[in-house]
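All remarks here apply to the structure that follows.
The values are calculated or read from the model by the stated rules, or taken from the named source; none is laboratory data. Every value quoted in this text rests on a predicted model; they were computed, and no experiment measured them. Backbone-built Cβ (ideal geometry, glycine too); neighbour counts: all protein chains shown.
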Amino acid sequence: MMDRSALRTQFSIQASTLADSYRSTVGRLRVGPHGYTPDMTAPEGQSTGGGVQAMQHLRLLPPQPNMPAIVVGHANQRDGAAELRTWEHVDAICRERFKQGAPLDPAAYQEFLQAAQGFLAACGLRVNVAPTPDEMRLAPAGEPEAPTTPQGKSRMALGIAGGVIALAVAVAVWVLVVAR
């Protein structure tokens, strides 16, 4: 039987490894138009309390200190689950907290979301994408959607390619480091 203190340290090590892997794969993406960087929090101490404090926040870090960091979901290895927020959900939270919309391009955010989903799923987590809660929804503005441009299509192709690369690296890291 394993010593409880060793088990707690194991959870902390796994959480730190997951965060490092996330940063080195998904964290390479930039979410426009400002260039936000995907990040995952890691435990601050040597222990997560046996996995009790195992929740790791997924966030987008701003390129400049005067811009807000944006929490876009969370992962919990102990529960084997992760949750990501849609762009609409993130936009509603920004409107509520900062009194302005999310400083993110919806198409670029979707590319990030796909890469993050792929990474988390490759790490064995059940991934749920949380829609905007009804109480946070705005009345439709009635603005027409922007037409799809060739630049948008090439950005989407780059996002998909980046997601595939991130997924491959995540699987390799998982096999080599975490799944021992």
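Okay, here's what the table says:
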quantity: Output for region 86-105, where each listed residue is surrounded by 15 or more Cβ atoms within 10 Å (Cβ to Cβ) and either aromatic (Phe, Trp, Tyr) or within 14 Å of Tyr36 (Cβ to Cβ) (or both); calculated: Trp87, Val90, Asp91, Cys94, Ala102, Pro103, Leu104, Asp105
quantity: Number of the exception - Gly101 against (1) farther than 30 Å from Ile13 by Cβ; (2) of a type outside the set (A, V, I, L, M); (3) modelled with pLDDT of 55 or more; (4) outside any loop (DSSP other than H, G, I, E, B); calculated: (4)
quantity: Every residue from region 111-140 that is assigned to a helix (DSSP H, G or I) and either surrounded by 17 or more Cβ atoms within 10 Å (Cβ to Cβ) or touching a strand residue (DSSP E or B) at 6+ places or on another chain (Cβ under 8 Å) (or both); calculated: Glu111, Phe112, Leu113, Gln114, Ala115, Ala116, Gln117, Gly118, Phe119, Leu120, Ala121, Ala122
quantity: Complete set of residues in region 75-85 that are part of a strand (DSSP E or B) and surrounded by fewer than 20 Cβ atoms within 10 Å (Cβ to Cβ); calculated: Asn76, Ala81, Glu83
quantity: Some residue of region 35-47 being at pLDDT below 90 and of a type in the set (S, T, N, Q); calculated: yes
